[in-house]
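J.: First, the structure itself, so that you have it in front of you.
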Amino acid sequence: QVQLVESGGGLVQSGGSLRLSCAASANFFRLYTMGWYRQAPGKQRELVAAITSGGDTNYADSVQGRFTISRDNARVTVFLQMNSLKPEDTAVYYCNANLGMSNWWGQGTQVTVSS
């Protein structure tokens, strides 16, 4: 059983920044691929960024150069630094942990970017 708790969401003006955190309760956290997804109203959930156990990262084209995913295995936490936010970044952001066939989700945190 893996529990993921996101924090750091909120309301920010266009061009602003937010830092999301996802605290995990997981044995062998360092082995998990961790990801951030988002879901806007009326849209499908989409991958924003992911980081492997080895530290490799990948990003959605829409956030490349603006968002940075990182992890701190000692603190069993994954972060998403979001800069130059745009109104189209408004969504519920979900933390995800994946290891083989196991896949876990957090409850989500709302990010709202005003124009």
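J.: Among all residue pairs at least 6 apart or on different chains, which show Cβ distances below 9 Å where the first residue, located in the stretch 1-13, is more than 13 Å from residue 77 (Cα to Cα) and the second is among the aromatic types (Phe, Trp, Tyr) and at pLDDT 95 or above?
T.: Filtered contacts from the stretch 1-13: 1/104; 9/93.
J.: Right, here's the next one. Output the qualifying pairs, or none if there are none: Cβ atoms under 6 angstrom, residues six or more apart or on different chains, first residue in the stretch 90-115 and at pLDDT 95 or above, second residue of a type in the set (Phe, Trp, Tyr) and not in a strand (DSSP E or B).
T.: Between residues of the stretch 90-115 that are at pLDDT 95 or above and residues that are of a type in the set (Phe, Trp, Tyr) and not in a strand (DSSP E or B), the close pairs are 97/32.
J.: Continuing with the same structure: Can you say whether residue 94 is farther than 26 Å from residue 27 by Cβ, open to solvent by 20 Å² or more (accessible area, probe 1.4 Å) and among the aromatic types (Phe, Trp, Tyr), as far as the supplied structure shows? Let's see the steps before the verdict.
T.: Working: farther than 26 Å from residue 27 by Cβ: no; open to solvent by 20 Å² or more (accessible area, probe 1.4 Å): yes; among the aromatic types (Phe, Trp, Tyr): yes.
Here the answer is no, as residue 94 does not meet what is asked.
Rundown of residues vs (1) of a type in the set (D, E, K, R); (2) open to solvent by less than 30 Å² (accessible area, probe 1.4 Å), yes/no style:
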site: 6; (1), (2): yes, yes
site: 57; (1), (2): no, no
site: 69; (1), (2): no, yes
site: 78; (1), (2): no, yes
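J.: Next up: If you check every pair at least six apart or on different chains, which have Cβ atoms under 6 Å apart with a residue in the stretch 17-42 that is touching a residue at least 12 places away in the same chain (Cβ under 8 Å) and among the aromatic types (Phe, Trp, Tyr) first and a residue that is outside any helix (DSSP H, G or I) and open to solvent by 20 Å² or more (accessible area, probe 1.4 Å) second?
T.: 29/76; 32/99; 37/45; 37/47; 37/94
The values are calculated or read from the model by the stated rules, or taken from the named source; none is laboratory data. Everything numeric in this text was worked out from a predicted model, so none of it was measured. Glycine gets a Cβ as well: all are built from the backbone with ideal geometry, and neighbour counts include every protein chain shown. Ligands, DNA and RNA are excluded from the accessible area calculation, which covers all protein heavy atoms including side chains. Shrake-Rupley method; radii C 1.70, N 1.55, O 1.52, S 1.80 Å.
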